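Only the coordinates and a few stated rules stand behind these numbers; no lab work does. In this text the structure is predicted, and so the values were computed from the model without any measurement. Here the Cβ positions follow ideal geometry from the backbone for every residue, glycine too, while neighbour counts run over all protein chains shown.
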Amino acid sequence: MEEEKIPQSIAIIMDGNGRYAKKNNLPIAIGHKNGCDNLEVILEEVVRLHIKYFTVYAFSTENWKRSKEEVNNLMSLFHIYMPRILKKALNNNVKIHFIGDIESLDEELKNMCYEMINQTKNMTGTIFSIAFNYGSRNEIIRAIKKIKIEDINNLDEEKFSTYLDTNGIKDPDLLIRTSGECRLSNFLLWQISYSEIYITNVFWPEFSIDELHKALSQYSMRERRYGTRV
Ligand code: FPP
């Protein structure tokens, strides 16, 4: 693939852990666990490809409405996998960033997130953003509340972006959604205004390195026009 056609910023909606489990007659907990394992594999490939910004949708503000059992299972997986991801980040020069309302998480989870941010703050490679307790509308409302009344009249798109959790993160060039659903599910609504969207029927735990390359190859053939006629 030509160097200049590799996106600098990609985001993934990692969907389909449940359907993958159902298809393989596995408990849903195993679907989520295999999804976590797969995230480690894809993160390594993203780093290898020198993609500068990588953002994943790990847990949405709406995911709390799932059954207590499933939410507890996901939280246990975060407790297990966040330290593993931290280790991988430290070994691969990855800087970890969180988007989402991490302030409202319980103390233990919140501290874990801050620990990951602190320990990787001097890393200079891929910036890995984990959307955790994230909802795009929630992010926009939190952003608006940060703006001083006297600054409203001078607000423009660029300035507004700095109030979002993604401040400093390049808007995704490519948004990937696994598992076939054609919706955005309250993910990065502001930031994906001009992103190329790639939807695959493959379930997240089965989204292999080859599947990532298929998405990148499709992206390399897209002509981005940003509303103009070029
Ligand atoms: C959607 O599948 C997936 C989730 C709600 C969780 C995604 C999270 C991970 C893969 C792990 C992230 C881990 C870390 C450590 C950052 P689904 O259950 O909605 O699938 P379904 O639509 O087929 O039921």
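Could you give the longest part of the chain that holds none of the GluC sites (Glu not before Pro) found in DSSP loops with at most 14 neighbouring Cβ atoms within 10 Å?
3-180
Only counting other Cβ atoms within 10 Å, I'd like Arg48, Arg142 sorted with the fewest neighbours first.
Arg48, Arg142
For His97, list long-range residues whose amide hydrogen, built 1.01 Å from N in the peptide plane, is under 5 Å from its own amide hydrogen.
Placed amide hydrogens put Phe128, Ser129, Ile130 under 5 Å from His97.
At Asn122 and Glu70, where each label point lies 7 Å from the Cα along Cα→Cβ, what is the point-to-point distance in nanometres?
The modelled label-to-label distance comes out at 4.3 nm.
With each label point set 7 Å from Cα along the Cα-Cβ vector, what nm distance links Ile30 and Arg183?
2.9
For Tyr226 and Glu150 in the same chain, what is the full-extension length gain: residue separation times 0.36 nm, less their Cα-Cα distance, in nm?
Result: 24.2 nm gained on full extension.
Collect residues whose amide H, placed 1.01 Å from N in the peptide plane, falls under 5 Å from the amide H of Glu196; neighbours closer than 5 in sequence don't count.
Leu174, Leu175
With a/c under 1.5 counting as rounded, go ahead and sort the chain into rounded, prolate or oblate using the C-alpha gyration tensor (a ≥ b ≥ c being the square roots of the eigenvalues; past the cut-off, prolate if a/b is larger than b/c, else oblate).
rounded
Specify whether the C-alpha gyration tensor of the range 162-230 places it in the rounded, prolate or oblate class, a ≥ b ≥ c being the square roots of the eigenvalues: rounded for a/c under 1.5, otherwise prolate if a/b is larger than b/c and oblate if not.
oblate
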